[in-house]
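The values are calculated or read from the model by the stated rules, or taken from the named source; none is laboratory data. Because the structure is a prediction, the values reported are computed rather than measured. Every residue, glycine as well, gets a Cβ built from its backbone with ideal geometry; the counts of neighbours run over all protein chains shown. Accessible surface areas use protein heavy atoms only, side chains included; no ligands, DNA or RNA. Shrake-Rupley method; radii C 1.70, N 1.55, O 1.52, S 1.80 Å.
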Amino acid sequence: MDRYSFSLTTFAPNGKLLQIEHALAAVGNGSTSVGIKAANGVVIATEKKTGSSLIDISSLEHMAMVCESIGMVYSGMGPDFRVLVNSARKMAQQYRRVYMEDPPVRILVKELASVMQEFTQSGGVRPFGVSLLLAGVDERGPSLYQVDPSGSYFPWMATAIGKNMVNSKTFLEKRFNGDMELEDAVHTAILTLKEGFEGQMTENSIDVGIVSVIPSGQSGQSKPAFQRLTSAEIKDYLSNIL
C-alpha cells in the first residue's frame, strides 16, 4: 500500500488517493474548530494554542474575514490556510467588481472547493492540509459550510473539525437546537470547545467570530456583517459559563 502513497495522481487498489488521507490526518492533528448556524446568524470558534508560552498569541490568526458578510476558520496547517484566505478574498472582490455586492456563501464555497480539488489531480503538487468552515449570511439567510482537502463541501447546521472532532460533534448533537439564537449559539460553541480543551480556557486561548445582520446607519437597511469577538467580550461569555 505504501508504494501508492507517494503519488497524488495514482489510486490505491482500494480506490483511495492516499495523499488525501494524509491531508485529512493533518486536519485531525490541528486545533479543534466549531461552527453553529443559529436562527439569526452563524458562529465559528476555534482554539488558539501554541507550542511555547513565549509566543505572542495575539499574533496568531486562526480565523479570517473574507468579505463583509463571510468569515472562515480552519483546522490543520496554518500556511495553507493563508493561501486559501488570499484566494477567497480575490474571488470575493472579483464578484463584487461585477455585481456590486458580496458573493452568496454557496458561490464562494464552490469556487474555493474547486481550487482545493485542482490540487488533488495534478502532478508535482500536494493537497491542502486544511479543512475549512465558512460562515456567512446572504439572501438565503445564515449558511455554514465545511470544505475538505479533497474539494468536497457540505452545508451544516452545526459541526466540528480538528483534533477533538468526534467528541465535539457528539456534544453538538445533544445541545444543538435549530431555533437557538445567536447568543445561545456562542455559549454552545464555547462549551463545545471546552469539552476537549486541555488546560485552562481563557479569553486569549480561543477565538470566536459571528456573522449577523446589523442595521446600516447610512441607508437604514440591514446588512450582514462578520466580526471577531474581542478578548473582553469572550471573557464575559466565559464568566457566564465557567
Unmet criterion (only one of (1) of a type outside the set (Asp, Glu); (2) farther than 30 Å from Ile57 by Cβ; (3) at pLDDT below 95; (4) surrounded by 17 or more Cβ atoms within 10 Å (Cβ to Cβ)) for Gly196: (2)
Examine the range 4-24 for a residue that is out of contact with any strand residue (DSSP E or B) (no Cβ under 7 Å at 6 or more places or on another chain) and closer than 27 Å to Val208 by Cβ, and state whether such a residue exists. yes
Do we find that Ser52 is open to solvent by 30 Å² or more (accessible area, probe 1.4 Å) and either under 28 Å from Gly199 (Cα atoms) or not aliphatic (A, V, I, L, M) (or both) in this structure? yes
Could you tell me which numbered condition Val27 fails, if it satisfies all but one of (1) closer than 29 Å to Phe171 by Cβ; (2) aliphatic (A, V, I, L, M); (3) open to solvent by 20 Å² or more (accessible area, probe 1.4 Å); (4) touching a Pro at 6+ places or on another chain (Cβ under 9 Å)? (3)
Here are some conditions: (1) under 17 Å from the mean Cα position of the chain (by Cα); (2) assigned to a helix (DSSP H, G or I). Arg97 meets all but one. Which one does it not meet? (1)
Among (1) in contact with a strand residue (DSSP E or B) (Cβ under 8 Å, 6 or more places away or on another chain); (2) of a type in the set (S, T, N, Q); (3) at pLDDT 95 or above; (4) open to solvent by 10 Å² or more (accessible area, probe 1.4 Å), which single condition is Asn86 missing? (1)
Considering every residue within the range 139-153, establish whether at least one is open to solvent by 60 Å² or more (accessible area, probe 1.4 Å), over 18 Å from the mean Cα position of the chain (by Cα) and either under 13 Å from Val42 (Cβ atoms) or not hydroxyl-bearing (Ser, Thr, Tyr) (or both). yes
Looking only at the range 35-59, count how many residues are in contact (Cβ under 8 Å) with a residue 12 or more places away in the chain, in a helix (DSSP H, G or I) and small (Gly, Ala, Ser). 1
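Quick check: anything in the range 155-171 part of a strand (DSSP E or B), under 22 Å from Met72 (Cβ atoms) and open to solvent by 30 Å² or more (accessible area, probe 1.4 Å)?
Within the range 155-171, one or more residues are part of a strand (DSSP E or B), under 22 Å from Met72 (Cβ atoms) and open to solvent by 30 Å² or more (accessible area, probe 1.4 Å).
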Please work out which residue is modelled with the lowest pLDDT, limiting yourself to the range 113-134 and to residues that are hydrophobic (A, V, I, L, M, F, W, C) and surrounded by fewer than 24 Cβ atoms within 10 Å (Cβ to Cβ). Val125
